[in-house]
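Take a look at the structure set out below.
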Amino acid sequence: MDARLVTAWVTLVLGAAMSPALAQGRGRVGAIGGALLLDADFADGIQTTVGVTAGLALLPWLDIEGDVLAPNGDVVLEYTRTSVSFAAPGASREEIERPAVITRFTNQRQTRSVVSVVAAFHTRRTDRRPALG
């Protein structure tokens, strides 16, 4: 399953479970688990991640929420290439390939944490419940 889909699914489930707390004017705290998809510089990959989310209804029309994620491990891309040849002008193919420089490249991406804070403005909430019947 695609990492973005898993993360979105976990977020939707947690959001749906915590929405009633906000509707009643309380705060909420939850856990996040999933995958972090990295597309950075020269090291792309996926890291598993866990975290904590918390939210609070400050005003009838304003909520705040914060998330802290702790990704696990590093994303590493390693490869070897033949670079520059220092053969003399007019050298044969064998002479060109022999003095070539072989270089090993290692690109590593370390994500220590991901922090996000959001302010959500919405229509005014009321504490009154509609009358039944």
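The values are calculated or read from the model by the stated rules, or taken from the named source; none is laboratory data. Here the structure is a predicted model, which means the values were calculated and not measured. Neighbour counts are summed over all protein chains in view; Cβ atoms, including those assigned to glycine, are modelled from backbone coordinates with ideal geometry.
Structural remarks
- Residue that is nearest to A31 (Cα to Cα) [pool: residues in the range 113-123 that are of a type in the set (S, T, Y) and part of a loop (DSSP other than H, G, I, E, B)]: S113
- Some residue of the range 47-69 being under 18 Å from Q108 (Cα atoms), touching a Phe, Trp or Tyr at 6+ places or on another chain (Cβ under 8 Å) and not basic (K, R): no
- For the range 25-112, the strands (runs of 3 or more DSSP E) that sit wholly inside it and include 2 or more residues that are surrounded by 15 or more Cβ atoms within 10 Å (Cβ to Cβ) are 28-40, 43-59, 62-71.
- One residue from A21, A43, A17 being modelled with pLDDT of 50 or more and among the small types (G, A, S): A43
- Residue list for the range 57-107, restricted to those being farther than 30 Å from G27 by Cα and of a type in the set (F, W, Y): Y79, F86, F105
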